Amino acid sequence: MRALADGGTEAVRVEVLAKRLGVTKGGFYGYFTDRAALLTAILDTWERESTDDVLQQVEEEGGDPKTKIQRAGALTFSDDRLLPIDLAVRDWARRDEAVAERLRRVDNRRMELLREMIGTFCSDPDEVEARSLLAFCVAIGEHFLAADHGGRSRAEVVRRAADLLLNRPPAAGPSS
């Protein structure tokens, strides 16, 4: 997984990995029948760790909906280990339909959490979907954006965006 994160699928070569791990090429094939089996195992591990494991930890630690969303995002997109793998899988999915389908499944599970949590304080399904999409786009997109923020830190702007998307809207007052 580290090789994928560091250099994409081209870095996931049996010869290179066997040398890196200090095993023979034949020894490597004792664990995986071929490179395709290795790539599948990498995707299986990434999917489990970035969805099942994250969602389990979020549920175990509990909290209000905003806390759960932020914890899931931090575990997935701020984690020094999972983030580079997630970004590498996104890049890989651009060129491989099977990987794109796997990514779609993972992203759908992540969106389900967002919809469920945002739906606890927002009853309009269209607004729930829009807030969920925007929150997800912020979580992923902040890693690609190179813009400055008028003297504010990226972390400060992302926190403000999260507040706008994940806080309950104020109660409607009397119309003026």
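The values are calculated or read from the model by the stated rules, or taken from the named source; none is laboratory data. Predicted, not measured: the structure shown is a model, and the values here were computed from it. Methodologically, a virtual Cβ is constructed for each residue, glycine included, from the backbone with ideal geometry; neighbour enumeration extends over all protein chains shown.
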Quiz item: What single numbered condition from (1) within 20 Å of the chain's Cα centre (by Cα); (2) surrounded by 12 or more Cβ atoms within 10 Å (Cβ to Cβ); (3) not aromatic (Phe, Trp, Tyr) fails to hold for ASP44?
Solution: (2)
Quiz item: Out of LEU21, LEU83, LEU17, which single residue is without any contact (Cβ under 8 Å) to a residue 24 or more places away in the chain and surrounded by 14 or more Cβ atoms within 10 Å (Cβ to Cβ)?
Solution: LEU17
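Considering each of ALA88, ALA155, ALA139 in turn, give the residue that is farther than 17 Å from PRO65 by Cβ, surrounded by 17 or more Cβ atoms within 10 Å (Cβ to Cβ) and not hydroxyl-bearing (Ser, Thr, Tyr).
ALA88
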Quiz item: Is there a residue in segment 118-131 that is farther than 29 Å from ILE42 by Cα, assigned to a helix (DSSP H, G or I) and of a type in the set (Val, Ile, Thr)?
Solution: yes
Quiz item: Is there any pair with a first residue in segment 42-70 that is more than 24 Å from LEU134 (Cα to Cα) and a second that is at pLDDT below 95 and part of a helix (DSSP H, G or I) whose Cβ atoms are under 7 Å apart and which are 6 or more apart or on different chains, and what are they?
Solution: ILE42/LEU4; GLU61/ARG71
Quiz item: So which residues in segment 27-41 are over 25 Å from ASP80 (Cα atoms) and either surrounded by 15 or more Cβ atoms within 10 Å (Cβ to Cβ) or at pLDDT 85 or above (or both)?
Solution: PHE28, TYR29, PHE32, THR33, ASP34, ARG35, ALA36, ALA37
Practice problem: Taking only segment 132-165 into account, find how many residues are touching a residue at least 60 places away in the same chain (Cβ under 8 Å) and assigned to a helix (DSSP H, G or I). | Solution: 4
